[in-house]
Structure formats: structure tokens, C-alpha cells
Amino acid sequence: MAAAAAAAASPPAIFILGDSTVDVGTNNFLPGSNARADFPRNGVDFLYSRPTGRFSNGFNTADQLAVLMGHNRSPDPFFLLRKKPRGFTKSKFRGVNFASGGSGIFDLTVQTAVSFVNSSDELNNSSSSSPISKKNGVSLSEQIHQLSYVYHKILAVRKQKGTRDLFSKSLFFISIGANDLFVHYHSKSKQPKEKFIASLVQAYEKHLRNLLQLGARKFGIATVAPIGCCPSQRLFNQTLGCLEELNDLALAFHPRVAQLMYKLSSEYHDMKFSIGNTFLITINVINHPNRFGFKDGRGACCGQGALNAQTPCTPTANLCPIRDDYLFWDLLHPTQKAAQLAAVTLYSGPPFFVAPINFKQLAEA
């Protein structure tokens with residue numbers, strides 16, 4: 001009981017890396033980015049209806065997991081903390097959120113992903129095949145470089161033992177890969193699925209090894225949801241059904257990531273991990289929305305056109321009156337209610353959804 005009380009009083013720090021599913025405002029600091037959400041109607045259910053850069057009506061999955069672990073919300077974005085003199089070194093350090101909308105495992109993904117995930121009309125009218133000079137987001141490589149910066153800031157204050165203890169006890173939550181799959185599918189790449197997934201996981205391994213070198217030891221991994229069922233992707237299907245080829249890529253990605261994590265843990269014996277099968281978690285809800293309290297599991301709450309998914313959520317977009325009725329907030333992202341459901345499953349779900357242990361067990365390990 002005493003140990004549990006102590007854990008509740010001082011939850012572990014969280015370092016969050018990934019894409020728009022867990023971005024809490026990173027891209028607000030990138031004026032040229034096309035992947036931003038720091039404007040209404042985003043944040044309509046956040047405190048004071050404030051748009052924060054989250055691609056959500058309120059909290060996203062990073063926030064919901066942080067709350068379950070004892071924080072009040074996700075840690076602040078790296079760029080915001082860097083502006084504060086003691087942002088990385090205060091005694092009650094909560095962690096950092098590095099996640100960035102549009103980011104992927106491959107470095108090049110962040111340059112092209114935004115063009116490839118919009119509706120079919122917008123895609124056909126875009127110049128997505130041309131180079132993009134402005135910074136759309138922060139790649140995973142760069143996020144890890146930012147983490148290295150944080151490491152050395154903390155090292156200067158806590159010294160080697162204190163920094164090593166902090167990193168080894170912290171949870172590193174990573175949600176990434178969807179944008180890589182989007183780009184591969186919509187670019188009509190001729191590379192076979194198996195070869196593409198193998199190269200993607202190989203790149204992921206390099207990133208994870210860099211995190212291990214910095215002292216990360218607890219990894220909470222969310223793999224890719226059935227992104228072929230996102231409202232914007234249904235528009236590429238004449239029947240408005242899911243894009244099954246895109247879903248097949250997500251299905252193939254999960255077991256390869258699981259194999260990678262077991263391989264790394266056999267080398268780093270003090271490493272612990274939890275892998276959330278986001279595909280299974282989400283497809284369950286898409287197939288049976290009513291069982292989970294949703295009335296609409298296909299369309300977007302905020303947007304315009306067919307399925308409310310032909311445009312992103314903007315200040316002039318249609319807005320559903322009851323957000324909790326919808327699985328999807330906009331053309332790609334879950335509502336606050338859906339994000340909470342995903343977070344609860346990752347945190348305390350059974351091995352069918354999250355293995356070999358869940359995030360709660362990982363945090364307490």
C-alpha cells in the first residue's frame with residue numbers, strides 16, 4: 001500500500017515520440033507546416049474551448065495515458081519547454097512530448113505525408129510529387145536528437161547516476177508508423193509489401209537502439225490502427241468502405257514490431273516493453289460502434305463533404321453537436337472519447353490487446 005501511494009504521489013516521467021495521434025502542440029512552432037491544429041474548431045471541448053495544436057476536440061491519447069499514470073495531461077512539447085530556463089531540470093520533471101503531426105519512421109515521410117492523407121479530390125489537385133521546402137513536421141530522427149539535447153541538460157544538473165535513474169524509470173511512449181504506410185500506399189510504390197515492411201522495421205530498430213543508447217529502458221509501443229477505415233481513406237473507395245490494402249499494411253506491421261521488441265529485449269536484459277495492438281483495439285470499435293457508445297464509426301465529427309471528410313477540421317467546418325457520438329473527430333483522428341478508450345485499453349487491457357504486459361504493469365515494473 002505504501003509503495004502504491006508513493007507511485008501515485010510521484011508518477012514516472014513520460015517521454016512521448018510519434019505523430020499527430022500524440023502531438024500536443026509541437027507543430028504550432030512550425031509556421032510553414034501544413035499539419036497544424038492550433039485553430040478552431042479543434043479543442044472545442046478542451047479547457048476554455050482552446051485549440052492547443054491537438055488534432056482532437058479535447059485530450060488525445062498521450063493526454064489520456066498521462067492521466068492514467070497520475071499526471072494531469074501530457075507533458076508539454078519540447079519547443080515550449082526549451083523556452084523555459086528550468087523546463088528540463090526542475091525536481092518534479094514530468095517528461096517531454098516530442099511528437100509531431102506528419103512524422104514517420106522514415107525521415108522523408110514527414111515531407112510528404114500531409115499530401116497523401118487528405119481526400120481523393122484534394123490529393124488529385126495537389127502537387128504532392130514535388131519537393132516540399134517548408135518544414136511540415138519533426139521527423140522521428142530529429143525527435144530523438146531533441147531527446148539527446150534534453151538528456152544533456154538533465155545530465156548537467158543530476159549528473160550521470162541521477163540522469164540514468166530518471167531515464168531508466170521513465171516510460172517512453174511511441175506511436176508512429178501510420179504516415180509511412182499512407183505514403184507507401186498512395187505513392188503507388190512498386191516495392192512489395194513484405195520488403196517495404198522489412199525496411200520500415202529496420203529503420204525503426206535503428207531509432208530504438210538510439211533510445212536505448214540514451215538510457216531508455218521502458219517502452220510502450222502503439223502500432224498502427226486500421227487506417228484504411230479513416231473517413232478520408234474511405235473516400236478513395238467508391239463504396240465508402242475501408243481500404244483493405246492499406247489495412248493489410250497495418251496488419252503486417254504489428255507482428256514485425258513485436259519480433260523486433262523481443263529481439264532487443266534479448267540483448268538488453270533490463271529492458272521492458274509493452275506493445276499495444278492498435279489495429280485490434282480500433283477495428284473492434286469500427287465494426288461494433290454501438291457496443292462502445294458511439295453512434296457513428298465511419299464519418300468525421302468535424303469537416304465537410306462526404307462523411308465530413310473532404311476537408312480537415314477548420315473554423316468554418318461542420319461540427320457535430322455531440323462529439324461523444326463519434327469515433328472520428330476529423331478526417332483522420334479519433335475524438336477525445338475514442339482516445340480515452342484506446343488509452344484505457346493500452347493501460348490496463350488484457351494480453352489480447354496489449355502484450356506481454358500492459359502499460360500499467362510496465363510503469364510499475
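The values are calculated or read from the model by the stated rules, or taken from the named source; none is laboratory data. All values reported here derive from a predicted model rather than from experimental measurement. Counting neighbours? That spans all protein chains shown, and the Cβs are built from the backbone with ideal geometry, glycine included. Ligands, DNA and RNA are excluded from the accessible area calculation, which covers all protein heavy atoms including side chains. Shrake-Rupley method; radii C 1.70, N 1.55, O 1.52, S 1.80 Å.
Take every Cα pair under 8 Å in the range 220-290 that's 6+ residues apart, average their separations, divide by the length, and report that relative contact order as a whole percent. Don't jump to the answer; show the numbers that get you there.
On the way: 76 pairs, mean separation 33.1, N = 71.
Computed value for the range 220-290: 47 percent relative contact order.
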message: Check which residues have an amide H placed less than 5 Å from PHE273's amide H, if you skip close sequence neighbours.
response: PHE219
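From the protein chains alone at 1.4 Å, what is the descending order of accessible area for HIS207, HIS254, largest first? Provide the component values of the computation, followed by the final result.
Working: HIS207 15, HIS254 35 Å².
My answer, sorted largest first, is HIS254, HIS207.
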- line: FRET efficiency (PHE39, LYS83; Cβ distance; R0 22 Å; to 0.05) is 0.55
field: Hits among lysines - C-alpha to C-alpha of LYS153 under 18 Å, sequence gap 8 or more where chains match
entry: LYS83, LYS84, LYS90, LYS92, LYS161, LYS169
- prompt: For LYS206 and ARG158, what does the FRET efficiency come to when R0 = 25 Å and r is the distance between their Cβ atoms, rounded to the nearest 0.05?
  reply: 0.35
Within-11-Å neighbourhood charge of GLU364 [Cβ basis; K, R +1; D, E -1]: +4
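Counting only helical runs of four or more DSSP H residues, what would the 222 nm mean residue ellipticity of the chain come to if each run contributes -39,500 (n - 2.57) and the total is spread over all its residues? Can you show the working numbers first?
On the way: 13 runs with 151 residues, N = 365.
When only DSSP H runs of four or more count, the value is -12500 deg cm²/dmol.
Over all pairs of distinct alpha carbons, what does the Kirkwood formula give as the hydrodynamic radius of the range 225-328, in Å? Please list the in-between numbers first.
Numbers: mean 1/r = 0.0644 Å⁻¹.
Hydrodynamic radius (Kirkwood, Cα only) of the range 225-328 equals 15.5 Å.
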task: Compute, for SER10, the solvent-accessible surface of its heavy atoms (probe 1.4 Å) with the complete set of protein chains present, and express it in square angstrom to the nearest 10.
output: 80
query: Unpartnered cysteines of the chain (Cβ-Cβ under 4.7 Å counts as a partner)?
result: CYS230
Rounded to 5, the percent of DSSP beta bridges in the chain classed as antiparallel: 20
message: With Kirkwood's inverse mean 1/r over C-alpha pairs for Rh, give me the Rg to Rh ratio of the chain, two decimals please.
response: 0.94
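How big is the range 216-259 by the Kirkwood estimate over distinct Cα pairs, in Å? Write down the numbers at each step before the final one.
Numbers: mean 1/r = 0.0863 Å⁻¹.
Answer for the range 216-259: a Kirkwood hydrodynamic radius of 11.6 Å.
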query: Once amide H atoms are placed 1.01 Å from N in the peptide plane, what residues at a sequence separation of 5 or more from GLY177, or on another chain, have their amide H within under 5 Å of its amide H?
result: ILE105
- request: For LEU319 paired with SER199, estimate the spin-label separation in nm (one decimal), with each label point 7 Å from Cα along the Cα-to-Cβ line.
  value: 4.3
query: Put a dot 7 Å past each Cα toward the Cβ at VAL344 and LYS295; how far apart are the dots in nm?
result: 2.0
- prompt: Considering only PRO334, LEU249, GLY293, whose Cα is most displaced toward the positive end of the charge dipole of the range 233-345, charges sitting on Cβ of Lys, Arg (+1) and Asp, Glu (-1)?
  reply: GLY293
- line: Long-range amide H partners of VAL354, meaning residues 5 or more apart or on another chain whose placed amide H is closer than 5 Å, are ASN277
Cα point-scatterer Debye curve for the range 145-244, base-10 log of I(q)/I(0) at q = 0.21 Å⁻¹: -1.07
- request: Report the equivalent ellipsoid semi-axes for the range 139-193 in whole Å, largest first, defined as the square roots of five times the eigenvalues of the gyration tensor built from alpha carbon atoms.
  value: 36, 11, 7
